[in-house]
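Quick note: the coordinates plus some simple rules give every number you see, no bench work behind them. No experiment lies behind these values; they were computed from the predicted model shown. No Cβ is skipped: glycine too gets one built from the backbone with ideal geometry, and neighbour counts run over all protein chains shown.
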Amino acid sequence: MIKDALNDCQSRMDSAVKHTHQELVKIRTGRANPELVEGIQVEYYGTKMPLNQVSTITVPEPRLISVQPFEKNLIPVIEKAIMESNLGLTPSNNGTSVLIPIPQLSEERRRDLTKVVHQMVEEGRIAVRNVRRDVIHHLKSMMKEDHISEDEIKRAEDEVQKLTDTHIEQLNQIQSAKEEEILNF
């Protein structure tokens, strides 16, 4: 029972870290990254689909993303979706693909982006701490209901705290790497 609670704790904390990392990837750093546009929804035969399912996304140059749709009639639809995505990108096309130049970031914009990164990572830390709180609450209720000794519960709580510390450190490392990427590119 305790092992199940610890496994649940591990997987939920891993999910929180993974989600934070996925959200941070979407932050533009002045460098072309296909993940920046992969999730943009495009109207395809009456259905909304992610851009990466209706086209091939490549990075031919450090500051250029190329989107080559599987069907040429999607080019204007893709351009419109990119313009409406609020990423601050202006696509153009060469007849066969959509080209998205990535502009250089200003110093002020870089500072703003580091604040956004800090906020996203803090939300990840809060999610990890919430998992810790839920699991510890669950462990204490197990002690009352299942007559598990206080020592076993205390050891499990210590293990939960170790997991929390590990995941918080992972988030701190992700934050440092992303801030470095934003400020130094």
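Stretching the chain fully between H147 and R111 yields a gain of 7.7 nm (0.36 nm per residue, less the alpha carbon separation).
With a Förster radius of 30 Å applied to the beta-carbon distance between T58 and D8, the computed FRET efficiency rounds to 0.15.
Amide H contacts for Y44 (H built 1.01 Å from N in the peptide plane; partners 5 or more residues away or on another chain; cut-off under 5 Å): M49. The separation of the stretch 117-162 from the stretch 51-101, counted between C-alpha centres, amounts to 45 Å.
For the stretch 55-152, the relative contact order is 19 percent, taking Cα pairs closer than 8 Å that sit 6 or more residues apart in sequence and dividing their mean separation by the residue count. Here each label is just a point 7 Å from Cα along the line to Cβ, and for Q104 and M49 those points are 3.9 nm apart. Taking every alpha-carbon pair in the chain and binning the separations at 5 Å intervals from zero gives 1, 8, 14, 14, 12, 11, 10, 9, 7, 6, 4, 3, 1, 0, 0 percent. Each residue of the stretch 17-25 was assigned a 3J(HN,Hα) from its phi angle through the Karplus expression (A = 6.51, B = -1.76, C = 1.60, θ = phi - 60°), giving 5, 4, 4, 4, 4, 5, 5, 5, 4 Hz with x at Gly and Pro.
Placing pseudo-labels 7 Å out from each Cα toward the beta carbon at N94 and N172 gives an inter-label distance of 4.6 nm. Each residue of the stretch 170-180 was assigned a 3J(HN,Hα) from its phi angle through the Karplus curve 6.51 cos²θ - 1.76 cosθ + 1.60 (θ = phi - 60°); the sequence is 4, 5, 4, 5, 4, 4, 4, 5, 5, 5, 4 Hz, with glycine and proline shown as x.
For the chain, the 222 nm mean residue ellipticity estimated from helices alone, with every DSSP H stretch of n ≥ 4 adding -39500 (n - 2.57) and the total spread over all residues, rounds to -21500 deg cm²/dmol. Can you give me the angle between helix 107-146 and the longest principal axis of the chain, using Cα atoms only, in degrees from 0 to 90, rounded to the nearest 10? The angle comes out at about 30 degrees. At an R0 of 35 angstrom, the distance between the Cβ atoms of D165 and V25 translates into a FRET efficiency of 0.90. Relative to the longest principal axis of the Cα atoms of the chain, the long axis of helix 75-84 makes an angle of roughly 50 degrees.
Near I65, the amide H atoms lying under 5 Å from its own belong to I100, I102; only residues 5 or more places off or on other chains count, and H is placed 1.01 Å from N.
Only Cα pairs under 8 Å and 6+ residues apart enter the sum, and on that basis the relative contact order of the stretch 1-83 stands at 22 percent.
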